[in-house]
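This report concerns only the one structure given below.
Any read-out appearing in this document is the output of simple, stated calculations on the displayed coordinates, not a laboratory observation. What you see is a predicted model, and the numbers here were worked out from it, not measured in a lab. Using ideal geometry, Cβ is built from the backbone for each residue, glycine included, and neighbour counts are taken over all protein chains shown.
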Amino acid sequence: MSSTILHAIPELSNGPAALDDEKNPFLVTLGERVRNLRARRGMTRKAVAQAAQVSERHLANLEYGIGNASILVLLQVAGALQCSWRSWSAT
């Protein structure tokens, strides 16, 4: 991932074990950014999920910071939101 995404996301101070937590700070922040981009574009979760070819539940889990999305799913969501994944670092 680009350092532009990582610079504003809380660091994982607990090491690799922190990745197993249900609400990882990185995933929560990433989900907030996806939700904010979707809201700025005036898109429903259903519309983004359909455009990204993922389920609404999968997108909801991504937005809530639950679970872990693959890089390919993140690229699909970025495409559905008509933005570069690099823009996810903008606040």
Within the stretch 40-66, can you find the residues that are touching a residue at least 40 places away in the same chain (Cβ under 8 Å) and either exposed (fewer than 15 other Cβ atoms within 10 Å of the Cβ) or on the phi < 0 side of the Ramachandran plot (or both)?
R41, I66
Against the condition within 15 Å of A80 (Cα to Cα) and in contact with a Gly (Cβ under 6 Å, 6 or more places away or on another chain), how does L62 come out, does it pass?
yes
